[in-house]
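Below is one structure, written out as structure tokens, with a few remarks after it.
The values are calculated or read from the model by the stated rules, or taken from the named source; none is laboratory data. This structure is a prediction, so every number in the text was calculated from the model and none was measured. Neighbour counts are summed over all protein chains in view; Cβ atoms, including those assigned to glycine, are modelled from backbone coordinates with ideal geometry.
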């Protein structure tokens with residue numbers, strides 16, 4: 001098999017995985033529970049940053065995009081739970 | 001009838017109605033956290049949460065929404081699908097770059113029409129119960 005064909009097949013596989021990731025809606029409620037459980041610590045230590053949690057693994061990022069990219073490198077088949085960690089001052093609000 | 005409950009998120013003893021949900025933007029499902037706000041007419045997502053998606057939010061219907069300081073912010077409304085737990089429903093969702101708070105908002109339009117929403121501080125949870133004409 002020529003390297004060009006192998007390259008082509010590799011690209012095809014990559015695109016199929018990408019399509020699957022784009023269309024998937026599989027997520028874990030445990031990831032949400034993890035965020036709730038650790039919410040106070042996160043607000044204390046990482047206000048303003050984005051956290052992404054998937055399958056029990058978590059990453060931080062300065063932007064949502066950064067956090068999502070980091071977590072999809074670690075966990076590929078779970079839609080991550082992502083939030084911007086609020087500053088403690090913004091938790092008392094009149095919306 | 002379907003009932004979905006979320007525990008409050010707690011910070012320093014304060015119960016915050018901050019819940020996870022998923023939103024289908026184009027073909028992409030994306031998960032968000034949103035502040036359930038019975039005083040908000042529309043659900044509003046900050047545009048910083050969707051910057052990396054190929055989604056032209058400005059193609060939505062522009063409305064000016066009054067916020068807490070008396071000013072108005074531009075919000076672009078779209079018809080999207082929200083998923084609460086695994087219950088999917090169509091809803092009007094706005095996008096704004098000027099929301100000014102660190103939360104997305106889950107407001108009344110469609111959401112509070114599809115569900116009876118109960119804030120129970122005594123039980124520490126928010127419950128979304130589908131109204132009788134929903135499946």
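Quick check, is residue A:21 within 11 Å of chain B (Cβ to nearest Cβ), modelled with pLDDT under 95 and part of a helix (DSSP H, G or I)?
Taking the combined requirement at face value, the residue satisfies it.
When the range B:41-65 is examined, which residues are found to be outside any helix (DSSP H, G or I), in contact with a helix residue (DSSP H, G or I) (Cβ under 9 Å, 6 or more places away or on another chain) and crowded, with 18+ Cβ neighbours inside 10 Å? Working first, answer last.
Keep residues of the range B:41-65 that are outside any helix (DSSP H, G or I), which gives B:41-46, B:50-56, B:60-65.
Applying the additional criterion that residues be in contact with a helix residue (DSSP H, G or I) (Cβ under 9 Å, 6 or more places away or on another chain) yields B:43, B:45, B:50-52.
Correct list: B:43, B:45, B:50.
Of everything in the range B:23-40, what is in a strand (DSSP E or B) and either more than 8 Å from every other protein chain (Cβ to nearest Cβ) or in contact with a strand residue (DSSP E or B) (Cβ under 8 Å, 6 or more places away or on another chain) (or both)? Give them in sequence order. Hits for the range B:23-40 are B:23, B:24, B:25, B:29, B:30, B:31, B:32, B:33, B:34, B:35, B:36. The set of residues from the range B:80-105 being in a strand (DSSP E or B) and within 13 Å of residue B:45 (Cα to Cα) comprises B:80, B:82, B:91, B:92, B:93, B:94, B:95, B:96, B:104, B:105.
Candidates B:48, B:43, B:3: the one that is within 8 Å of another protein chain (Cβ to nearest Cβ) and either touching a residue at least 40 places away in the same chain (Cβ under 8 Å) or under 17 Å from residue B:108 (Cβ atoms) (or both) is B:48. Residue check: is residue A:55 buried (at least 16 other Cβ atoms within 10 Å of the Cβ) and on the phi > 0 side of the Ramachandran plot? Taking the combined requirement at face value, the residue satisfies it.
Among the residues of the range A:58-84, count how many are more than 7 Å from every other protein chain (Cβ to nearest Cβ), in contact with a helix residue (DSSP H, G or I) (Cβ under 6 Å, 6 or more places away or on another chain) and either surrounded by fewer than 21 Cβ atoms within 10 Å (Cβ to Cβ) or closer than 14 Å to residue B:30 by Cα (or both). Count: 1. The set of residues from the range B:106-123 being at pLDDT 95 or above, assigned to a loop (DSSP other than H, G, I, E, B) and in contact with a strand residue (DSSP E or B) (Cβ under 7 Å, 6 or more places away or on another chain) comprises B:107, B:109, B:110.
Reported count of residues in the range B:6-22, each being surrounded by 15 or more Cβ atoms within 10 Å (Cβ to Cβ), more than 7 Å from chain A (Cβ to nearest Cβ) and out of contact with any helix residue (DSSP H, G or I) (no Cβ under 9 Å at 6 or more places or on another chain), is 3.
Check the range B:72-82 and report whether any residue there is under 27 Å from residue B:10 (Cα atoms), in contact with a strand residue (DSSP E or B) (Cβ under 7 Å, 6 or more places away or on another chain) and at pLDDT 95 or above. Taking every residue of the range B:72-82 in turn, at least one turns out to be under 27 Å from residue B:10 (Cα atoms), in contact with a strand residue (DSSP E or B) (Cβ under 7 Å, 6 or more places away or on another chain) and at pLDDT 95 or above. Just one residue in the set B:117, B:93, B:101, B:111 is under 22 Å from residue A:90 (Cβ atoms), more than 14 Å from every other protein chain (Cβ to nearest Cβ) and surrounded by 15 or more Cβ atoms within 10 Å (Cβ to Cβ); that residue is B:93.
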